[in-house]
Structures are given as structure tokens and as C-alpha cells.
Amino acid sequence: MPVITYREALRAAMSEEIERDPNVVLMGEEVAQFNGAYKISEGMLAKYGPKRIVDTPISEAGFIGMGVGAAMLGLRPVMELMFFSFYSVAFDQIFNNAANIRYMSGGLINCPIVIRGPANGGTNVGATHSHTPESIAAYHPGIKVVVPSNAYDAKGLMKSAIRDNDPVMFLENTILYGEACEVPDGEYLVPLGKASVMRAGTDISIIGHGRSIQLALKAADLLKEKHNINAEVVDLRSIRPLDVETILNSVKKTSRCLYVEESKPFCSVGAMVACLISDQAFDYLDAPVKRLTSIDAPAIYSPPLEKLQLPSVERIYQAALDTLK
Amino acid sequence: MFGSLTLNKGTFASNYYFNLKALPVTKKPSSSKKPEVTNLGYDARQAPINIKLGQDEKIALYRDMVRIRRFEERCLRSYQQSKIGGFLHLYIGQESIAVGCASVMGKDDHIITAYRDHGHALAVGMGMNEMMAENYGKITGCSKGKGGSMHYFDPSRNFWGGHGIVGGQIPLGTGIAYALKYKGLKGACMAFMGDGSVNQGAVHESYNLAALWSLPVVFIIENNGYSMGTSQERSSAGPSLAQRAEGYGMNWAIIEDGHDVLAVRDKVGQALKLAHDKSLPSVLEIRTYRYRGHSVADPDTTYRDKAEIEAYKSTKDPLNVFQLALLAEQTLTDEIIQKIDESARAEAETSAQFADASPYPSIEDIKKDVYWEIDNPADRKSVGALFFD
Ligand SMILES: Cc1ncc(C[n+]2csc(CCOP(=O)(O)OP(=O)(O)O)c2C)c(N)n1
Ligand SMILES: [Mg+2]
């Protein structure tokens, strides 16, 4: 099977969907002539032309809102935010318009837009560029949220997101763009809402999403190596829809849960998952559900300190041991 | 004094499209035609604000531009040595703007800008040590290593950042102007942005507020021709960026000779005066050029050619142009030039050593400076948990 990067996987997904459906358009700052700030769309302008691959001015509220409007009339815009952090400039368009239009029209209108871009810290770009808004996005009924942790999922989820008839926030990660894994050639879909058990285990469920999964897998290796602990690692992949069943099944098996994510702790995805578990699997638990997040402060710039602020293999390993105590 | 100056008249002749002084609030609807050049013969050297400049003051202007350039060259080296993380946006080529603007600031005038902020910071008097240490992420940095290169601040010097979100600083600049007016101070805020930022809604909302409420703000567009890899023509509709002010009935002007620190002083000085005397906002578009990629990470190979960069450098370099002018009028000598250069290099080198030797913040520092009440526990009025780790 070919080994391709997360970046190439996203490009392949968008390209296949552009070829498949004339209503798919990729739009954003520097996506066309500059080939993308992070080169996700490299070569796509040359291949598909300026009608399908469109450079926008720096006007997030305007062009995201425009994408929402175009989606209402049946286009399937894929809107790139250079950094997902800039979603806040378009907050009203996303959460008032995209999220509510179907409801407020009594189901007459739908909004098949994808809003995508990198949402992560770890590259020392400071507080304004390091937001991880998955829980904020998923808070809004009407919005779907996916966070792929690897190239295979990135491709399959992107294709599903583009075909989805609801607005999907697609959160990527600049640190993962260069990470490669086996990805089959051609058509496959990963459905939204299906978690993936990345590593089977019996002693503790380490659940999470995004890049934290890559770190959790390494921490699980360490736990095995040093303490013969068999950790199960569950990648949610999709935050809303959420695969509650896979979460509960894992916890029922292991009786312990650590949720790992890069977001801040308040009202995080992990908080939601902990609540679901305590509601629906309380009797199976041998310990409280533990969460590991970024340290609760805006993203610090200082490179060595930012490392400490974020989840790391070491922190996950330690938190897992604490959960098992 | 300037009569003996044989060097390119064109270099100093500022081709203003409009004279701010002569321009009351414009009522005409905007035309899509390019505005006419109305005062070609204008010479920035003869402007009252410049004619009174003493030799030392002129040398100081030159020195500040050199300091910015040497500092940034040193930053670039540190970045290449991986001492600096994240983004590094260099101001090289645009020094005349920050220095010109800062040099006409009075006690109650303020500055706010975007992420390309090293020039403004040095121009208002921030020190290289605290700036370089910030780039290195050290606790001795101006923002204690928390903000990085894009987020310098020094309220004690009326410098309000340093902002990473394109256009996000413009409402803040408008708010500073509001506060100045509210407090009855005779000051203004210069709110800087790039040519790409003018398409943000927040900028337009600020224009309207400023014009509607007659706020003492000078919106300064540093038009270096590009927003990342996008040329002005590919991002902005309309005849010029500054002319959009007409839609709000605001004064505006284009400064073609943005590389000429004296032209910048003159025009910005007039706009500040308008803000001080009549509490009127204005929009200035200053034409300039950046020599380096958008940030150091930008390979700068796709959207412009080297010849374009060289052409600008060879005729309009702000340092060279001013140096030649000051040499011609014998304000500068080769010896002084060399001394200025050496001392700027040494200052930059020292700042790198200072940054290197400084400690990083501690892990406890991550959660300081988040809430005023946490940092000032004796004065805390609220109760309950503020952190959730
Ligand atoms: C809201 C927002 N969108 C996009 C960006 C990414 N970005 C940073 S600088 C920049 C270009 C801005 O160009 P311009 O305003 O001309 O300023 P210059 O860089 O030329 O000084 C872009 C797109 C951002 N920081 N914030
Ligand atoms: Mg620009």
C-alpha cells in the first residue's frame, strides 16, 4: 500500500471530490497561486483551474460567510482557514448562519460546507494562532466536528465531510501534515462518527483525538515496556457525531479512562466524555475518569515552555499511571 | 542647505495625491479613476516639520533606521540557528515608516501595529535586549517570553503591540483614540496595518466609528505591495486603498515616497495635527516594500522576482537614500556612518548574547499574567476557581 503524508492525503481527498462533483470548490487565503500556506493544495490550481481553486482576500467573515451562502444554493465549498484560529473572525457566520440556517428554515435549507485548517499548538506561533476550538464548535447543534489524527483518516474523513449535507468543521494539525502512513489508492470513505481503536488493551482506556493520539500510542508502548500495562488507545476521529458506543465498550472492558486532548480543560471534549461515562458506565469504573489537557492558560510562545504546556508522551504516561494507582 | 543636493530630486519629491491640509472632509463620491497627482513639486525637506530639524535629530533618524536593520539581520541569524521559534516577520525595507512616524509622536500620541512590529518597537524606544529576549522566549523579554516576535508591547512608551490577527489591532487603535478623546488629552493613536489587512471587516467598522465620532486616530496602511504571496491588485478592489476613506467622509492621502523618512514625517505630522487640533481621523497609505519573504519561513520564490526586489533596493532603500542626502548636506560623514553602523551591530550582537544568557520562564510562569486577580491576590474580589487543570 502506498505510504503518503497527511498533507498528501488531504490533497488527494479534495482532488478526488473536485473531480467527482462539479459543485466542489476550494477557497481560502493563498490556496491557489501560492499553493497553500502549508502546501495542502499544492498543484491544484494548475490542475483544476481558478474556477475550482480560489484565492480570497484576508476577509474571513466575508469569505466564510460567502461559502455558507453558496452552500445554501447547492455548492459544496471547502473553505481553508490558514490557521483554524482565524475562525473567530468568522464566528458569526459559522455559528449563527451555518449552524442555524437549517433549523430556522424548518429544514428547508441545508448547508454542505466544510471549513478546514490546522488547529494546534506546538509550533511557537503564540496565543492568537494556537486555538483548539473543537469543543467550542461541537457545542453548537447543527455543526459537525472532525479531528483526524493520521493520513488514512484525514483522507477518508475529508471525503465524507465534503459529501456531508451539514456544515463540518475539519480540524487539522500542522505538526501532522508531514506524518505519513499507509493509505490505499483511490476511493474509500471513513464515516463521520466512527471512533477507531488504535491499540487494543485491557488495563486502561486512553481516549482522545487529534495529535494527542499519536502521543498516546507512544505512551502506551512505554506503559507496556516499563510496567506491563496494556493500554487501549481509542481515537474518536469525530467529535460530533460522537461514537458513544465505542467509548463505553472500551471503558466497560478496562474500567479506567484517561482522556487526552490538546484543548484547555474547561468544557473540553474530555469533560463531555467523562460526563457520558459517569452517566452510562459508572458501575464499571474502578477510578474517576482522568483528563489530560494543555495547562490552563493561553498558548505561551516560549518554545521550551510551550512543550511543557501541551500534552506529551511523558505527561500522558504519568497521567495513565496516576489513573491506575 | 538642501540646495546643494544634486542627488535625485525625484527621490525626495513627494508625489502626494492630496494635501491633507488643503483637504477638508471629502464630500465627493469616490470615482473609480486614479486620483490626480496634485502637487508634484512638493519637497518634504522644505516642510516646516522637517526644516526645523537639527543635525543631531537627522542623525538620530538615520541611526534609528540602521538600528532596526541591524537588529533584524541579527534576528534572522538567530532564527537560522533555531534560537527563535514560530514566525519571524522582518521589517527590512520599511524602516522609514516606523522611524518617521515615531519621530513625530508627542507625549500623548500612541502606536499600535500588527505582527511586523520590530521596527515600531525600536522606533518608540524599546531596547534591543528585551526585544531579542522576547524572540528567544526568555523571561527577560518584553512580554516575558509569552508573546514572541509578533507580540511586543510597551505601554510605558505608548506602544500597544504587536498583534497577530490581521486587522485585529485596528479596532483597538480606534479605542485608544476614543479613550484619549474621552480623557480630554491632546493626543492621537496611529493604527498601523498592511495592504492585505484593509479587507477585514473590523477595519471598515473602525473607519466608520472613527469618522462618526470624530476620533483622533490616524489609520496608517503600510502598503508594501503584498500580503504574503498576494499582490495588492489580487486582493483589493477600488482605485486605491486609502481612497476607501472617502466612503466614510474621512481625510486620506497616499504617500508615494514611503522610503523617504522626511516625507513620512511631514504627512503623518499633518495627519496627527488634524487629529490633535480638530479630533479628525484620517487614512494614510504609505507606499513601501519588504525585502524579505513574508516571514522567514516564506521561500519568496513564487510571487515576485528578484529583479523587482533589486530595483527597489537600488533606488529606494530608505537607509541609503537618507544617508546620501545627509552626506550631501554634510550632516553625515563616512566616519559617522561607520560608527553608527558599528555601534548598531554591536548593540544587536549584545542583545543576542543577553537573550542567550537569560533564563526561560518556569512552568509556574505559564499561569501567571492570565488574570489580574490571580496576580494580585491581596486585591482579589471574586471568589471561586479560575483554573481547571
Ligand atoms: C485573521 C488573519 N487571517 C490571516 C492571517 C495570516 N496572515 C498573517 S500576515 C498575512 C498577510 C498580511 O499582509 P499585509 O496586511 O499586507 O501585511 P504585511 O505582512 O505585508 O506587513 C496573513 C494572510 C492572520 N494572521 N490573521
Ligand atoms: Mg503587505
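Summary table below
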{"quantity": "Options B:Ala211, B:Ala202: the member that is touching a residue at least 24 places away in the same chain (Cβ under 8 Å), in a helix (DSSP H, G or I) and either more than 23 Å from B:Gly247 (Cα to Cα) or more than 16 Å from ligand 1 (Cβ to nearest atom) (or both)", "calculated": "B:Ala211"}
{"quantity": "Condition broken by B:Ser231, with the remaining ones in (1) within 14 Å of ligand 1 (Cβ to nearest atom); (2) modelled with pLDDT under 95 satisfied", "calculated": "(2)"}
{"quantity": "Top-ranked residue in region B:176-199 [being without any contact (Cβ under 8 Å) to a residue 40 or more places away in the chain and away from ligand 1 (no atom under 16 Å from the Cβ); ranked as farthest from the other protein chains (Cβ to nearest Cβ)]", "calculated": "B:Gly184"}
{"quantity": "Filter result for B:Pro299 (within 14 Å of chain A (Cβ to nearest Cβ), more than 16 Å from ligand 2 (Cβ to nearest atom) and on the phi < 0 side of the Ramachandran plot)", "calculated": "yes"}
{"quantity": "Residue list for region A:62-89, restricted to those being touching a Gly at 6+ places or on another chain (Cβ under 7 Å), crowded, with 19+ Cβ neighbours inside 10 Å and outside any loop (DSSP other than H, G, I, E, B)", "calculated": "A:Pro77, A:Met79, A:Glu80, A:Phe84"}
{"quantity": "Test: residue in region A:103-111 that is touching a Gly at 6+ places or on another chain (Cβ under 9 Å), more than 14 Å from chain B (Cβ to nearest Cβ) and touching a residue at least 12 places away in the same chain (Cβ under 8 Å)", "calculated": "yes"}
{"quantity": "Filter result for A:Val244 (of a type outside the set (D, E, K, R), in contact (Cβ under 8 Å) with a residue 24 or more places away in the chain and either in contact with a strand residue (DSSP E or B) (Cβ under 8 Å, 6 or more places away or on another chain) or buried (at least 18 other Cβ atoms within 10 Å of the Cβ) (or both))", "calculated": "no"}
{"quantity": "Filter result (of a type in the set (D, E, K, R), within 17 Å of the chain's Cα centre (by Cα) and either within 14 Å of chain B (Cβ to nearest Cβ) or closer than 23 Å to A:Leu321 by Cα (or both)) within region A:235-278", "calculated": "A:Asp235, A:Glu261, A:Glu262, A:Lys264"}
{"quantity": "Enumeration of residues in region B:94-115 that are of a type in the set (Gly, Ala, Ser) and either out of contact with any His (no Cβ under 8 Å at 6 or more places or on another chain) or modelled with pLDDT under 95 (or both)", "calculated": "B:Gly100, B:Ser103"}
{"quantity": "Qualifying residue in region B:135-147 (condition: among the polar types (S, T, N, Q) and either part of a helix (DSSP H, G or I) or within 21 Å of B:Ile220 (Cα to Cα) (or both))", "calculated": "yes"}
{"quantity": "Neighbours by Cβ (under 8 Å, 6+ apart or cross-chain): first from region A:146-173, part of a helix (DSSP H, G or I); second among the aromatic types (Phe, Trp, Tyr) and surrounded by fewer than 23 Cβ atoms within 10 Å (Cβ to Cβ)", "calculated": "A:Lys155/A:Tyr188; A:Gly156/A:Tyr188; A:Lys159/A:Tyr188"}
{"quantity": "Count of residues meeting criterion [under 20 Å from the mean Cα position of the chain (by Cα) and part of a strand (DSSP E or B)] in region B:214-230", "calculated": "9"}
{"quantity": "A:Val54 modelled with pLDDT of 95 or more, more than 11 Å from chain B (Cβ to nearest Cβ), more than 22 Å from A:Leu189 (Cα to Cα) and within 16 Å of ligand 1 (Cβ to nearest atom)", "calculated": "yes"}
{"quantity": "Some residue of region A:31-38 being touching a residue at least 24 places away in the same chain (Cβ under 8 Å) and out of contact with any Asp or Glu (no Cβ under 8 Å at 6 or more places or on another chain)", "calculated": "yes"}
{"quantity": "Residue within region B:276-293 that is crowded, with 20+ Cβ neighbours inside 10 Å and among the polar types (S, T, N, Q) present", "calculated": "yes"}
{"quantity": "Candidates B:Leu122, B:Leu90, B:Leu61, filtered to the one that is touching a helix residue (DSSP H, G or I) at 6+ places or on another chain (Cβ under 6 Å) and part of a loop (DSSP other than H, G, I, E, B)", "calculated": "B:Leu90"}
{"quantity": "Of residues in region B:93-119 being assigned to a loop (DSSP other than H, G, I, E, B) and within 16 Å of ligand 2 (Cβ to nearest atom), the one farthest from the other protein chains (Cβ to nearest Cβ)", "calculated": "B:Gly93"}
{"quantity": "Of residues in region B:234-281 being among the polar types (S, T, N, Q) and out of contact with any helix residue (DSSP H, G or I) (no Cβ under 9 Å at 6 or more places or on another chain), the one farthest from ligand 1 (Cβ to nearest atom)", "calculated": "B:Gln243"}
{"quantity": "Qualifying residues in region B:248-306 (those that are among the acidic types (Asp, Glu) and within 28 Å of B:His204 (Cβ to Cβ)) - the one farthest from the chain's Cα centre (by Cα)", "calculated": "B:Asp277"}
{"quantity": "Some residue of region A:44-59 being assigned to a helix (DSSP H, G or I), β-branched (Val, Ile, Thr) and more than 16 Å from ligand 2 (Cβ to nearest atom)", "calculated": "no"}
{"quantity": "Region A:130-142: number of residues that are in contact (Cβ under 8 Å) with a residue 60 or more places away in the chain and either within 16 Å of ligand 2 (Cβ to nearest atom) or more than 13 Å from the chain's Cα centre (by Cα) (or both)", "calculated": "2"}
{"quantity": "Residue match in region B:282-292 (condition: among the aliphatic types (A, V, I, L, M), touching a Lys or Arg at 6+ places or on another chain (Cβ under 7 Å), away from every other protein chain (no Cβ under 14 Å) and away from ligand 1 (no atom under 16 Å from the Cβ))", "calculated": "no"}
{"quantity": "Selected residue (criterion: surrounded by the fewest Cβ atoms within 10 Å (Cβ to Cβ)) from residues of region B:176-227 that are over 11 Å from B:Ser279 (Cβ atoms), β-branched (Val, Ile, Thr) and away from ligand 2 (no atom under 16 Å from the Cβ)", "calculated": "B:Ile176"}
{"quantity": "Some residue of region B:229-251 being away from chain A (no Cβ under 14 Å) and among the aromatic types (Phe, Trp, Tyr)", "calculated": "yes"}
{"quantity": "Matching residues, region B:152-175, being within 14 Å of chain A (Cβ to nearest Cβ) and surrounded by fewer than 24 Cβ atoms within 10 Å (Cβ to Cβ)", "calculated": "B:Phe153, B:Ile165, B:Gly168, B:Pro171, B:Leu172"}
{"quantity": "Tabulated pairs, region B:45-57, first in a loop (DSSP other than H, G, I, E, B), second not polar (S, T, N, Q), C-beta under 7 angstrom, 6+ apart or interchain", "calculated": "B:Ala47/B:Asp266"}
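The values are calculated or read from the model by the stated rules, or taken from the named source; none is laboratory data. Here the structure is a predicted model, which is why all the values come from computation and not from measurement. In this analysis, Cβ positions are derived from the backbone assuming ideal geometry, glycine residues included, and neighbour counts consider all displayed protein chains.
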